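What follows is calculated from the coordinates using simple rules that are stated; it is not laboratory data. Keep in mind that this is a model prediction, so the values were computed, not measured. Counting neighbours? That spans all protein chains shown, and the Cβs are built from the backbone with ideal geometry, glycine included.
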Amino acid sequence: MTRIIEELDAQQSARAFSDRDAFALDVLVGLSETRKTLPSKYMYDDEGSRLFEQITRLPEYYLTDCELDTLQRHRDRIADYAPRAPFHVIEFGAGSLRKPGILIDRFVERGLDFEYVPVDISREAMESLAGDLERRYPEVAMRGLVSDYLTGIHWLTGNTRRRSFVLFLGSNIGNFNRAQATLFLRKLWNGLSDGDVVLIGFDLRKDIELLLAAYNDSQGVTKQFNLNLMRRINRELGGHFNLDAFRHFATYDVISGAMESYLVSQGEQDVYIEAVERSFSFHAWEPIHTEYSYKYLESDIDLLAQTTGFRVKEHLYDSKGYFVDSLWEVHKTDAPGSPDQPSARRSGT
Ligand SMILES: C[S@@+](CC[C@H](N)C(=O)[O-])C[C@H]1O[C@@H](n2cnc3c(N)ncnc32)[C@H](O)[C@@H]1O
């Protein structure tokens, strides 16, 4: 009898299992759970990316202004950590050029040799980013990866000849729970080399009223952003969601520190999704969880760095002290979790 062992490379697997199949499978699994859920990464189709850009300009959504302020205030300090040898600026979940542009400005001014490698699941966000970069910095080389974070880390693992300066801004890390954040950062650490630098944006715990307002804005853009997930399922997977029959709800869990977003069924209903050939039943007021946005204490950040093999170099704050961009360095000789790490500097507030 013939026995064949075949190794499938990533491209072969991708052909066999399309993005649409992956989306359908995630929707099937998420809506079949007792506590229904949909992964937040699917919020960012073309329309979702446009809506998110609108959210960043809302008066209640303090996160973007705070991080822009942080990057402006500390741009020279951050640039001091850039390698002198050729390096990649690899940015996970880049979105737009507004934030990285502040640092790219400095890197260009200092005549540093770098290639910009944004990783984003949204093709529209990537194309608009590429256009902006071309207009503002025609001399900067860019290699945009339209992929999820893990494929981006995989790319990084195969491209270690250059040093890496990693950006993970916008509190994107807050979309992971603590276990997922640890797993992601450990995988990232595996793909990096000793001395590589990482800049991560964390939203800090703060007045609950400010948090609630940021995720329940008065113009209803966040509501549209959340509902867009159903619009996308309808369009791409033949879903039959009636958007008027669901409402956006965002709440804060004081114990876990997470802002949590839901779509809540306003009545008893069945929704058929053609791509998975199934109906899903909803009770009146049954929620679908759609997004976490975890808020951090400074001590949580230090612990996360320590347990994943990074050394915290500095915490950089905005003028209100709402947000922190934390600068970490990879230390391959540090055993993760070793207690003897030097304490970080505080810069800002
Ligand atoms: C909250 S936005 C932040 C954008 C920008 N970094 C900022 O600070 O404003 C998240 C970005 O990450 C992308 N994204 C979300 N989940 C992703 C994933 N799993 N893999 C790759 N990109 C993802 C989205 O398309 C979006 O552009």
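Observations, loosely collected:
- Computed log₁₀ I(q)/I(0) - Debye formula, equal Cα scatterers, no solvent, the chain, q 0.09, 0.15 Å⁻¹: -0.52, -1.38
- The length gained by stretching the chain between Y272 and T307 to full extension, at 0.36 nm per residue less their Cα-Cα distance, is 8.2 nm.
- P(r) weight above 23 Å for region 42-140, C-alpha pairs, percent: 29
- Simple rule: put +1 on each Lys or Arg Cβ and -1 on each Asp or Glu Cβ in the chain, find the dipole, and look at F202, F168, H88; the Cα lying farthest toward the positive end is H88.
- Given +1 at the Cβ of Lys and Arg, -1 at the Cβ of Asp and Glu and no other charges, the dipole of the chain around its Cα centre is 640 debye to the nearest 20.
- Label-point gap, in nm, between A22 and N159 - each point 7 angstrom along Cα→Cβ: 1.7
- Straight-distance candidates among the aspartates and glutamates for linking to K332, with alpha-carbon spacing under 20 Å and chain neighbours fewer than 8 residues away dropped: D194, D196, D302, E314, D340.
- The alpha-carbon of K41 sits under 24 angstrom from the alpha-carbons of these lysines, leaving out residues fewer than 8 places away in its chain: K99, K187, K223, K295.
- When peptides 243-252, 65-74, 117-126 are sorted by average Cβ neighbour count within 10 Å, with the highest value leading, the order is 117-126, 65-74, 243-252.
- Fraction in percent of alpha-carbon pairs per bin - 10 Å, region 228-294: 21, 46, 26, 7
- Among 44-50, 235-241, the order from most to least packed when residues are scored by Cβ within 10 Å on average: 44-50, 235-241
- Stretching S193 away from R143 to a fully extended chain increases their span by 16.0 nm, per 0.36 nm per residue minus the current alpha-carbon distance.
- Arranged from fewest to most other beta-carbon atoms within 10 Å of their beta carbon, T34, T333 become T34, T333.
- Karplus-derived HN-Hα couplings along region 77-83 (A = 6.51, B = -1.76, C = 1.60, θ = phi - 60°), whole Hz, x at Gly and Pro: 4, 5, 4, 4, 8, 5, x
- Mean Cβ neighbour count within 10 Å, used as a protection proxy, ranking 82-89, 177-184 highest first: 82-89, 177-184
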